[in-house]
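Report on the following structure.
The values are calculated or read from the model by the stated rules, or taken from the named source; none is laboratory data. These figures come from a predicted structure and were not determined experimentally. Quick reminder, even Gly has a Cβ in these numbers, built from the backbone with ideal geometry, and neighbours come from all protein chains shown. For accessibility, only protein heavy atoms count, side chains too; no ligands or nucleic acids. Shrake-Rupley method; radii C 1.70, N 1.55, O 1.52, S 1.80 Å.
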Amino acid sequence: MSNLSEKIREANAKGRKAVIPYLPAGFPGLTEFWDVIKELDAAGADVIEIGVPFSDPVADGPTVEQACLESLELGVTLKWILEELPKHRAGIKAGIVLMGYLNPFLQYGLEKLAKDAAAAGVGGLIIPDVPYEEAQEMKEILGAQGIDFIYLVGLNTPPERLKMYASNASGYVYLVSVMGITGARTSLPKEIGDKIIEVKEAFDVPLALGFGIKTPDQLEAFGDKLDGAVIGSALIDHIRGGGSAKEFLSPWV
Amino acid sequence: MKKGYFGDFGGRFSPELLMPPLLEVEDAYKTIVKSKPFLTEFGRILTEYVGRSTPLTFCPNLSRELGFNLYLKREDLAHTGAHKINNTIGQALLAKHMGKKTLLAETGAGQHGVATATAAAYLGLNCIVYMGATDVKRQAHNVRRMQLLGAEVRPVESGTKTLKDAINAAFRFWISEQADTHYCFGTAAGPHPFPALVRDFQSVVGHEARQQSVEQFGTLPDLLVACVGGGSNAIGLFHAFMDDRDVRMVGVEAAGSGEPGCYHSMAICKGTPGVFHGARTQLLQTEDGQIEPSHSIAPGLDYPGVGPEHAWLDASGRAEYVSVNDAQALNAFQSLCRHEGIIPALESSHAVAYVLEYKDDIPAGSKVIVNLSGRGDKDMGIIEEYLG
């Protein structure tokens, strides 16, 4: 079982959903970022998604976009992330995932990325603009270094495409909860309950729900059908407002 | 060639949430667009409404000066004043056949926005147009035209506030409204099938030019020249001549001010391969893969990428890509106005500039077709700013 799957299953074994915070690298500052990551880990995060900032984030809402643009202005690059991460990784128990758009990964070089990411202790990659059809070569290169390529599926992913994704999923499957972009919402669409059941039945890997997740009570209705939740914009807003990572995670763990 | 690819370029790099609508468009492209009834209806509208065929106009005065025969393919005379209408009529008709209620578009110069709003009004569809806030200001006249045609224009304040940001915003909107909305992509770029779909709708330009060449001067042209931003007018002209190996094809990119370190729009001449807006193509980017801002005096060329088929035509050597700067485009603009009584769009002025600037590379007596992709009325504000 992949390290990421294991982390999520461990949380489930404790009777709770895995908590997967997302934070753009370099936010809220180059040094503070690593402090927040360590704090999230200490507060019980099971997997941490580190955002790789991109100038043109098509699937992101204003909160994530703004944080990413600020990171870019601070000079954050994939190279910086992969150089800094090993210096901080040793003390972090949580699984680490990089999430970002394809072009920065591509320019880094996929073979070099796989090698350097593995050496830095990265367990998986999420690339929203790479659908199944374009993912296979990349998945192989990353897989050779033990890195999971984590698929995203949505409310509108039809059964035949779910089956395709399920055929070689690894790490976890990320279900996008809304037909829209990232950003905290107070309520989720009604049809998400049925989709969670459908995705859960199709996949062997754990199921995490993301986009629009703000509070744990949004997820209560889904019981053990859901294995984990990704929280991004709400965390960014909380930190921007001066809150601590520990405070943020306490209702979740 | 791999499905959806032109050599190493193209593909479909889109969020999974956009895959169902993209597959729906691909399916409609294969079944509806290729069907005889659709093509008949499309052809009828192009004739009766758009005003096709557009003429191939000989330029006697410039030809005399240049020493070769210069012809203009007059897309400026198509309804709404640019080639953009060919594609939007095609996609609006497709949207109707697909049962969609709304046409979504992005626009830089405003020509695609106006053309989409026009097609939507003609075919009874709603229309929403995203436009960078900078472009809203510099193309205020076109914004008003879109509004008169019933479209809702939504200014985009993020990023560089130009075309690329308008495309980002349109994709975001399409994710949430895909059930009723067709994204009428404005150029032969983006994820598969848009590069091929837009090319096919624009290829009417080249097919007409090919036939008119034979009728008017008895042979095929020696050289085709067209400006390239995303590249839809150029690929529309080139496509019908692809197998005519003796016909040279030149795409002209915008070099901006031409000063060292200036922003420009030379995605092929100065860019590198990468993935942006759903396709692998030539891009203006940093070595870390961030998209760099672009610039051109012509808003329609102000885009940091290019359609993937052009990237392939460049890589394979079938077409050549060059650049001219803002001043050269302005000079060509004035030349065409004064010598031939035609006011070209600043985009098209780049293509005209190539034949003026590189006239010594063109053998005497050659037959040269420049695609006059649009008319210059929309650019009067910019012209006044630069020329007084």
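From B:GLN290, B:GLN285, which residue is polar (S, T, N, Q) and farther than 23 Å from B:ASN325 by Cα?
Criteria check complete, one pass: B:GLN290.
For region A:171-253, give me every one of the helices (runs of 4 or more DSSP H) that falls completely inside it and has 3 or more residues that are more than 18 Å from the chain's Cα centre (by Cα) and of a type in the set (Asp, Glu).
In region A:171-253, the matching helices (runs of 4 or more DSSP H) lie at A:192-202.
Suppose we filter region A:52-63 for residues that are crowded, with 24+ Cβ neighbours inside 10 Å, β-branched (Val, Ile, Thr) and more than 8 Å from chain B (Cβ to nearest Cβ); how many remain?
1
Of all the residues that make up region B:292-308, how many are under 15 Å from B:VAL252 (Cα atoms), part of a helix (DSSP H, G or I) and either among the basic types (Lys, Arg) or open to solvent by less than 10 Å² (accessible area, probe 1.4 Å) (or both)?
2
Please verify whether B:LYS100 is crowded, with 21+ Cβ neighbours inside 10 Å, charged (D, E, K, R) and more than 16 Å from the chain's Cα centre (by Cα), treating the condition exactly as stated.
yes
Could you tell me which of the residues A:SER177, A:SER187, A:SER167 is of a type in the set (S, T, N, Q) and either surrounded by 17 or more Cβ atoms within 10 Å (Cβ to Cβ) or within 14 Å of chain B (Cβ to nearest Cβ) (or both)?
A:SER177
Within region B:44-57, which residues are within 16 Å of B:ALA209 (Cα to Cα), part of a helix (DSSP H, G or I) and not hydroxyl-bearing (Ser, Thr, Tyr)?
B:LEU46
Looking only at region B:271-291, filter to residues that are part of a loop (DSSP other than H, G, I, E, B) and touching a residue at least 24 places away in the same chain (Cβ under 8 Å); which one of those is farthest from the other protein chains (Cβ to nearest Cβ)?
Within region B:271-291, the match that is farthest from the other protein chains (Cβ to nearest Cβ) is B:GLY271.
Given the condition under 16 Å from the mean Cα position of the chain (by Cα), within 13 Å of chain B (Cβ to nearest Cβ) and either of a type in the set (Phe, Trp, Tyr) or open to solvent by 10 Å² or more (accessible area, probe 1.4 Å) (or both), answer yes or no: does some residue in region A:91-101 qualify?
There is at least one residue in region A:91-101 that is under 16 Å from the mean Cα position of the chain (by Cα), within 13 Å of chain B (Cβ to nearest Cβ) and either of a type in the set (Phe, Trp, Tyr) or open to solvent by 10 Å² or more (accessible area, probe 1.4 Å) (or both).
Looking at the structure I just gave you, is A:ARG9 at pLDDT 95 or above, farther than 15 Å from B:GLY289 by Cβ and open to solvent by less than 60 Å² (accessible area, probe 1.4 Å)?
no
One line per residue, one yes/no per condition, for (1) closer than 23 Å to A:GLY100 by Cβ; (2) buried (at least 20 other Cβ atoms within 10 Å of the Cβ); (3) touching a strand residue (DSSP E or B) at 6+ places or on another chain (Cβ under 6 Å); (4) more than 14 Å from every other protein chain (Cβ to nearest Cβ):
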{"position": "A:GLY146", "(1), (2), (3), (4)": "yes, no, no, yes"}
{"position": "A:TYR151", "(1), (2), (3), (4)": "yes, yes, yes, no"}
{"position": "A:PRO159", "(1), (2), (3), (4)": "no, no, no, no"}
{"position": "A:ILE181", "(1), (2), (3), (4)": "yes, yes, no, no"}
{"position": "A:GLY193", "(1), (2), (3), (4)": "no, no, no, yes"}
{"position": "A:ILE196", "(1), (2), (3), (4)": "no, yes, no, yes"}
{"position": "A:LEU207", "(1), (2), (3), (4)": "yes, yes, yes, yes"}
{"position": "A:ILE213", "(1), (2), (3), (4)": "yes, yes, yes, yes"}
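Does region B:247-262 hold any residues that are assigned to a loop (DSSP other than H, G, I, E, B) and either over 15 Å from B:LEU301 (Cβ atoms) or among the aliphatic types (A, V, I, L, M) (or both), and which are they?
The answer is B:VAL247, B:ALA255, B:GLU259, B:PRO260, B:GLY261.
Taking region B:333-354, which residues are more than 13 Å from B:ALA254 (Cα to Cα) and not in a loop (DSSP other than H, G, I, E, B)?
Of everything in region B:333-354, those that are more than 13 Å from B:ALA254 (Cα to Cα) and not in a loop (DSSP other than H, G, I, E, B) turn out to be B:PHE333, B:GLN334, B:SER335, B:LEU336, B:CYS337, B:ARG338, B:HIS339, B:GLU340, B:PRO344.
Out of all the residues in region B:157-194, which are over 14 Å from B:LEU22 (Cα atoms) and away from chain A (no Cβ under 12 Å)?
B:LYS161, B:GLY186, B:THR187, B:ALA188
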